[in-house]
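J.: This is the structure I want to talk about, given as structure tokens.
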Amino acid sequence: MKKMSGSEIRNTWLKFFESKGHHIEPGSSLIPKNDPTLLWINAGVAALKKYFDGSEVPPSRRITNAQKSIRTNDIENVGRTDRHHTFFEMLGNFSIGDYFRNEVIPWAVELLTDEKYFAFPKEKLYITYFPDDLDTKKCWMNAGISEDHLIPLEGNFWEIGEGPCGPDTEIYFDRGEKYDPNHIGLDLLRNDMENDRYIEIWNIVFSQFNAEPGKPRSEYKELPSKNIDTGAGLERFACVMQGTESNFETDLFWPIIEKVQEMSGKKYEENKMAFRVIADHIRAVTFAIADGEVFSNEGRGYVLRRLVRRAERFGRVLGIYHPFLYELVDVVIEIMKDFYPYLLEHADFIKKLIKAEEAKFLKTIENGVSLLNDLIEKANEIQQRILSGRDVFKLYDTFGFPKELTLEIAEENGMEVDMNEFNDEMNKQKERARSARGDLQSMNKQSIDLMNFKDESVFNYDKLEIETEVIGLFKDGVKVDALNEEEGQVIFKETPFYAESGGQVSDTGLVIGKDLQAKVESVNKAPNKQHLHSISILFGELKVGDKVTLKVDDYRRKLITRNHSSVHLLQSALTEVLGDHIAQKGSYVCDEYIHFDFSHFNKMSEEEIATVEKKVNLWISQAIEEETKVLSIDEARKIGAKALFDEKYGDVVRVVCFGDVSKEFCGGTHVKNTQDIGIFVIESEESVASGVRRIVARTSIYAYELLKKRENMLNQVKKVLSAGSIFEVNARLGSMLNDRQLVKKQMEVLMNKLAHSEANAINNEFIQLDGYELLVKFIKDANRNSLVSLLDKLKNNHKDSIIILIGDDNGTLPIICSVNGEALKKYRAGDIMRQVAGLLGGSGGGKPDFASGAGKDSSKVKEAIDFVKEFIK
């Protein structure tokens, strides 16, 4: 067996399958596009679903790839085992209706065992297969695998709900007796036992059936297009071929671990788990940010936050108490840059984002320790040794405070945590998350009719009304000859309707024919890129071959084009005002408004927003002509056209230009001249994720309506303030705020005088005891602040005292207690407070010298006062 680096393994795989007629598909972004069923791209096939479900025709029926992936369903296991990862690379080869098991199995044996490739010893390979799939067993034997190395397993059937499914076969490498101390041997595989001897390196799925809920597998129908889907973990391959104990000692991880050893002064062998967690998590976070994700409190951004915080916690275990993860980014990039050169372009941004997140978490840890200490103090006051699992979960979920750190601090204080209650809260949260995901299936049924429909359909940018012909009709993806029901899909020979893409919504409008009228509700792209019109028939029947008139909603289209062109001007203005680091992170363009997401670390100031808005309106007023250029991608880049980082473009691209102000790759619809936009108004600017800001803006009539809304609000304020015009509002508000401050100061003076007077009046009501004084007093119509002011005055004259004041604030009975001087040797304010508040039907607590609380039952006030006097005496 050859000893290869991770990079060599990846390259060998891709080149081998390229030699077998496969198209090398560039790896997709970790962030799924148009797939709400996935949080992350989590396997090689996930990035190719558009080909397998028929929503897009592939560039080749044979595809191979190396796909970066993230899985976060078991983060807590990462570091505990030798092969769990959040980020990993999946090598794959795929057939979309082309070859099947008779081809893929011999290729697998050739790639694995031939001296030109990986040169695995054949006797070290063991294969599992589905017991009913005897064709697969026969293929392996024909390819030279001994029958005693073939193991039937019931679990070898791939199925994830309705849609494509089928038997699979898994390839294992035997690492020998060293990793089988109990000498169990092949029973480890036969009984599907977790082990370190037989390492799964490759899984091949024969996707040949269509799963239907409620039916036994024997009744599943065969797919019209049988597929091959395979996955081989690069990290596992590297572990086997480099002869390491685990994936973490391979060249894909070890340089990171060496750097952490240098930073911490600790050795990997001292705490393998801590080093493994850090090495794994920094890979995941680096790639996720490079692919466009940022930290947030939900979805993918929350996952990244969890990974950083978990890595930080293990950094503390190694004695690292300052931001350090960002320093590992360069190590990750150095390992991966040959195959992922785009990482270099984003290195500075990734490091800045991670460092800022680390600093934020260090502050979170400080806040968390403070909150946890409060919980411990309260538990101590009531002599309770178990912390509430609900409170600990709140620290974990709301404040991001690691559960493990909570357990550690609790143990140091002689406390335990109610983990059953904590786990109950965790399970409730998981159930809420599952419900929120809905009942979305992870694979669509194949629409073979749409996949096979290849008749040409032309989109006409310049016309809003044309005469055309119906060339395809579909009902729920099934081809039909006529539509006379309410809804269906249509493809026309030529269409003026824009299909939703690039953040721009589709056009709407009408289909008009002889005795027919239908509404075009939306337009999307069919698998072969034709514009697929979803229609509702108002009356009549539509048949293939019918001649019809298509009418785009002209007014709505104009509003959309104005908004879309304003997005281009907005990006240019943001770059000029804020800097060249501005990059588009997403956009949405409809007829009413636009939102534009962009990378920027700080909240924009009012001045910056105003400057950006003015620049856009200046360009609008300059009547800049729009020019559309169709160029090769190299020519487009030479003229400085901007492109979305994670978008894939063909060899020829469409570039929309507004003079020298804006040049962008774009397939959307635009105004012919900037003056057609009319007016541009920014409605809001806000954060949508860490390092990502969003501007919402409007143009044309909707901008006018926004301005009128603001004007109406000002007029209402003008009336309230009795101002002569809206231009006087600012001065009037300033005057009112000054008056308010003056009144507040006067109130404070009066409150102090009142407290002083009250204190003088009750100075003689103290009871003299042995070495200290006692006052228990009910004060009608006094709130807590009044009681505190009074207490401060009384304490000045009574240094050795116990003072308990009970107020009455609209039915609530605020209570405060102070124990001072000699009295502290015998009594604690917190203990007294719990007794008094309990008698009054409430609760309270505090420190030895001061406590506060509240009661509810005013009928028990006299009883409480009498009890305290007797209790203290």
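J.: Got at least one residue in the stretch 782-804 being on the phi > 0 side of the Ramachandran plot and either surrounded by fewer than 16 Cβ atoms within 10 Å (Cβ to Cβ) or in contact with a Lys or Arg (Cβ under 7 Å, 6 or more places away or on another chain) (or both)?
T.: Step one: list which residues in the stretch 782-804 are on the phi > 0 side of the Ramachandran plot, which gives none.
So far as the stretch 782-804 goes, no, none of its residues is on the phi > 0 side of the Ramachandran plot and either surrounded by fewer than 16 Cβ atoms within 10 Å (Cβ to Cβ) or in contact with a Lys or Arg (Cβ under 7 Å, 6 or more places away or on another chain) (or both).
J.: Report, ordered by the first and then the second residue, all pairs with beta carbons closer than 8 Å, sequence separation of six or more or different chains, a first member in the stretch 1-27 that is in contact (Cβ under 8 Å) with a residue 24 or more places away in the chain and more than 12 Å from Leu111 (Cα to Cα), and a second member that is in a loop (DSSP other than H, G, I, E, B) and among the β-branched types (Val, Ile, Thr).
T.: Hits for this filter: Gly6/Thr250.
J.: What tally of residues in the stretch 303-327 results from selecting those that are over 8 Å from the mean Cα position of the chain (by Cα) and open to solvent by 10 Å² or more (accessible area, probe 1.4 Å)?
T.: 14
J.: May I ask you to list the residues in the stretch 344-363 that are farther than 24 Å from Gln261 by Cα and touching a helix residue (DSSP H, G or I) at 6+ places or on another chain (Cβ under 6 Å)?
T.: Selection gives His346 alone.
J.: Working only within the stretch 132-149, note down all residues that are farther than 17 Å from Trp107 by Cα and surrounded by 14 or more Cβ atoms within 10 Å (Cβ to Cβ). Let's see the steps before the verdict.
T.: Step one: list which residues in the stretch 132-149 are farther than 17 Å from Trp107 by Cα, which gives 132-134, 147-149.
The answer is Asp132, Asp133, His149.
To keep it simple, each residue is scored yes or no on (1) under 29 Å from Ile376 (Cβ atoms); (2) part of a strand (DSSP E or B); (3) touching a Gly at 6+ places or on another chain (Cβ under 7 Å).
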site: Lys795; (1), (2), (3): yes, no, no
site: Ile803; (1), (2), (3): yes, yes, no
site: Ile816; (1), (2), (3): yes, yes, no
site: Ile832; (1), (2), (3): yes, no, no
site: Asp866; (1), (2), (3): no, no, no
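J.: Output the number of residues of the stretch 717-745 satisfying the condition of being outside any helix (DSSP H, G or I) and either within 30 Å of Leu790 (Cβ to Cβ) or open to solvent by less than 80 Å² (accessible area, probe 1.4 Å) (or both).
T.: Counting residues in the stretch 717-745 that are outside any helix (DSSP H, G or I) and either within 30 Å of Leu790 (Cβ to Cβ) or open to solvent by less than 80 Å² (accessible area, probe 1.4 Å) (or both) gives 3.
J.: Answer yes or no as to whether Arg693 is in contact with a helix residue (DSSP H, G or I) (Cβ under 7 Å, 6 or more places away or on another chain), buried (at least 21 other Cβ atoms within 10 Å of the Cβ) and of a type in the set (D, E, K, R).
T.: no
J.: For residues that are free of Cβ contacts under 8 Å to residues at least 24 places away in the same chain and not small (Gly, Ala, Ser), scanning just the stretch 210-222, find the one that is least open to solvent (accessible area, probe 1.4 Å). Talk me through it step by step, then tell me what you get.
T.: Restricting attention to the stretch 210-222, the residues satisfying the condition of being free of Cβ contacts under 8 Å to residues at least 24 places away in the same chain are 214-216, 218-219, 221-222.
With the extra rule that they be not small (Gly, Ala, Ser), the set shrinks to 215-216, 219, 221-222.
Numbers: Lys215: 78, Pro216: 63, Glu219: 103, Lys221: 132, Glu222: 98 Å².
Among them, the one singled out is Pro216.
J.: On the given criteria, is Lys825 farther than 18 Å from Gly855 by Cβ, free of Cβ contacts under 8 Å to residues at least 12 places away in the same chain and open to solvent by 70 Å² or more (accessible area, probe 1.4 Å)? Let's see the steps before the verdict.
T.: Numbers: farther than 18 Å from Gly855 by Cβ: yes; free of Cβ contacts under 8 Å to residues at least 12 places away in the same chain: yes; open to solvent by 70 Å² or more (accessible area, probe 1.4 Å): yes.
Yes, satisfied.
J.: OK, next. Kindly list the number of the only condition in (1) under 30 Å from Phe295 (Cβ atoms); (2) open to solvent by less than 30 Å² (accessible area, probe 1.4 Å) that fails for Thr72.
T.: (2)
J.: Taking Gly488 as meeting all but one of (1) modelled with pLDDT of 95 or more; (2) small (Gly, Ala, Ser); (3) part of a strand (DSSP E or B), write down the number of the exception.
T.: (1)
J.: Next up: For the stretch 19-69, give me each residue that is hydrophobic (A, V, I, L, M, F, W, C), part of a loop (DSSP other than H, G, I, E, B) and either out of contact with any helix residue (DSSP H, G or I) (no Cβ under 8 Å at 6 or more places or on another chain) or open to solvent by 20 Å² or more (accessible area, probe 1.4 Å) (or both).
T.: Across the stretch 19-69, the qualifying residues are Ile31, Leu38, Leu39, Ala43, Val57.
J.: Further, regarding this structure: Name, by its number, the condition in (1) open to solvent by less than 30 Å² (accessible area, probe 1.4 Å); (2) more than 30 Å from Val567 (Cβ to Cβ) that does not hold for Ala703.
T.: In the conditions (1) open to solvent by less than 30 Å² (accessible area, probe 1.4 Å); (2) more than 30 Å from Val567 (Cβ to Cβ), Ala703 misses (2) alone.
J.: Please enumerate the residues belonging to the stretch 175-209 that are surrounded by fewer than 19 Cβ atoms within 10 Å (Cβ to Cβ), in contact with a Lys or Arg (Cβ under 6 Å, 6 or more places away or on another chain) and without any contact (Cβ under 8 Å) to a residue 24 or more places away in the chain.
T.: Of everything in the stretch 175-209, those that are surrounded by fewer than 19 Cβ atoms within 10 Å (Cβ to Cβ), in contact with a Lys or Arg (Cβ under 6 Å, 6 or more places away or on another chain) and without any contact (Cβ under 8 Å) to a residue 24 or more places away in the chain turn out to be Tyr179, Asp180.
J.: So which residues in the stretch 246-282 are of a type outside the set (D, E, K, R), open to solvent by 10 Å² or more (accessible area, probe 1.4 Å) and assigned to a helix (DSSP H, G or I)?
T.: Taking the stretch 246-282 and keeping what is of a type outside the set (D, E, K, R), we get 246-248, 250, 252-257, 260-261, 263-265, 268, 271, 273-275, 277-279, 281-282.
Pick out the ones that are also open to solvent by 10 Å² or more (accessible area, probe 1.4 Å) and you get 254-255, 261, 263-265, 271, 273.
Within the stretch 246-282, Trp254, Pro255, Gln261, Met263, Ser264, Met273 meet the criteria.
J.: Look through the stretch 562-595, keep the residues that are among the hydrophobic types (A, V, I, L, M, F, W, C), under 16 Å from Arg693 (Cβ atoms) and surrounded by fewer than 22 Cβ atoms within 10 Å (Cβ to Cβ), and return whichever of them is farthest from the chain's Cα centre (by Cα).
T.: Among residues in the stretch 562-595 that are among the hydrophobic types (A, V, I, L, M, F, W, C), under 16 Å from Arg693 (Cβ atoms) and surrounded by fewer than 22 Cβ atoms within 10 Å (Cβ to Cβ), the one farthest from the chain's Cα centre (by Cα) is Val577.
J.: May I ask you to list the residues in the stretch 657-668 that are part of a loop (DSSP other than H, G, I, E, B), crowded, with 19+ Cβ neighbours inside 10 Å and of a type outside the set (Gly, Ala, Ser)?
T.: Cys666 - this is the single residue of the stretch 657-668 that is part of a loop (DSSP other than H, G, I, E, B), crowded, with 19+ Cβ neighbours inside 10 Å and of a type outside the set (Gly, Ala, Ser).
J.: Continuing with the same structure: Could you please give the count of residues in the stretch 283-302 that are assigned to a helix (DSSP H, G or I) and surrounded by 22 or more Cβ atoms within 10 Å (Cβ to Cβ)?
T.: Of the residues in the stretch 283-302, 9 are assigned to a helix (DSSP H, G or I) and surrounded by 22 or more Cβ atoms within 10 Å (Cβ to Cβ).
J.: Between residues in the stretch 525-541 that are within 19 Å of Ile448 (Cβ to Cβ) and residues that are among the polar types (S, T, N, Q) and open to solvent by less than 30 Å² (accessible area, probe 1.4 Å), which pairs lie under 8 Å by C-beta distance while being six or more apart or on different chains?
T.: Listed by first residue and then by second, the contacts come to Pro527/Ser447; Gln530/Ser457.
J.: Counting only residues that are assigned to a loop (DSSP other than H, G, I, E, B) and in contact with an Asp or Glu (Cβ under 9 Å, 6 or more places away or on another chain), which one in the stretch 193-226 is nearest to Phe173 (Cα to Cα)? So that I can check it myself, show each step before the final result.
T.: Of the stretch 193-226, the ones assigned to a loop (DSSP other than H, G, I, E, B) are 193-197, 212-216, 220.
From the residues that got through so far, the ones that are in contact with an Asp or Glu (Cβ under 9 Å, 6 or more places away or on another chain) too are 193, 195-197, 212-213, 220.
Numbers: Met193: 15, Asn195: 12, Asp196: 10, Arg197: 8, Glu212: 34, Pro213: 35, Tyr220: 33 Å.
Checked the stretch 193-226; the qualifying residue nearest to Phe173 (Cα to Cα) is Arg197.
J.: Okay, moving on. Answer with yes or no whether Glu613 is of a type in the set (D, E, K, R), in a helix (DSSP H, G or I) and touching a residue at least 40 places away in the same chain (Cβ under 8 Å). Steps first, answer last, please.
T.: Values: of a type in the set (D, E, K, R): yes; in a helix (DSSP H, G or I): yes; touching a residue at least 40 places away in the same chain (Cβ under 8 Å): yes.
Considered against the rule, which asks whether it is of a type in the set (D, E, K, R), in a helix (DSSP H, G or I) and touching a residue at least 40 places away in the same chain (Cβ under 8 Å), Glu613 comes out as yes.
J.: A further question on this structure: Looking at the stretch 746-774, which of the residues that are open to solvent by 60 Å² or more (accessible area, probe 1.4 Å) and modelled with pLDDT of 85 or more is farthest from Leu787 (Cα to Cα)?
T.: Gln768
J.: Report those helices (runs of 4 or more DSSP H) wholly inside the stretch 328-428 carrying at least 1 residues which are open to solvent by 60 Å² or more (accessible area, probe 1.4 Å), free of Cβ contacts under 8 Å to residues at least 24 places away in the same chain and of a type in the set (A, V, I, L, M, F, W, C).
T.: By residue number, 342-345, 403-412.
J.: Inspect the stretch 223-244 for any residue being among the acidic types (Asp, Glu) and open to solvent by 40 Å² or more (accessible area, probe 1.4 Å) and give the result as yes or no.
T.: No; the residues of the stretch 223-244 include none that is among the acidic types (Asp, Glu) and open to solvent by 40 Å² or more (accessible area, probe 1.4 Å).
J.: Take the conditions in a helix (DSSP H, G or I), more than 30 Å from Leu353 (Cβ to Cβ), modelled with pLDDT of 95 or more and open to solvent by less than 40 Å² (accessible area, probe 1.4 Å) and apply them to Leu559. Does it pass?
T.: Considered against the rule, which asks whether it is in a helix (DSSP H, G or I), more than 30 Å from Leu353 (Cβ to Cβ), modelled with pLDDT of 95 or more and open to solvent by less than 40 Å² (accessible area, probe 1.4 Å), Leu559 comes out as yes.
J.: Among residues belonging to the stretch 483-513 that are touching a helix residue (DSSP H, G or I) at 6+ places or on another chain (Cβ under 7 Å) and surrounded by fewer than 23 Cβ atoms within 10 Å (Cβ to Cβ), point out the one that is farthest from Asn528 (Cα to Cα). So that I can check it myself, show each step before the final result.
T.: First pass over the stretch 483-513, keeping only residues touching a helix residue (DSSP H, G or I) at 6+ places or on another chain (Cβ under 7 Å): 504-505, 507-508.
Applying the additional criterion that residues be surrounded by fewer than 23 Cβ atoms within 10 Å (Cβ to Cβ) yields 505, 508.
Values: Val505: 20, Thr508: 21 Å.
Checking each candidate, the answer is Thr508.
The values are calculated or read from the model by the stated rules, or taken from the named source; none is laboratory data. Source: prediction; values computed, not measured. Note: ideal-geometry Cβ built from the backbone for every residue, glycine included; neighbour counts use all protein chains shown. Surface accessibility is based on the protein's heavy atoms, side chains included, excluding ligands, DNA and RNA. Shrake-Rupley method; radii C 1.70, N 1.55, O 1.52, S 1.80 Å.
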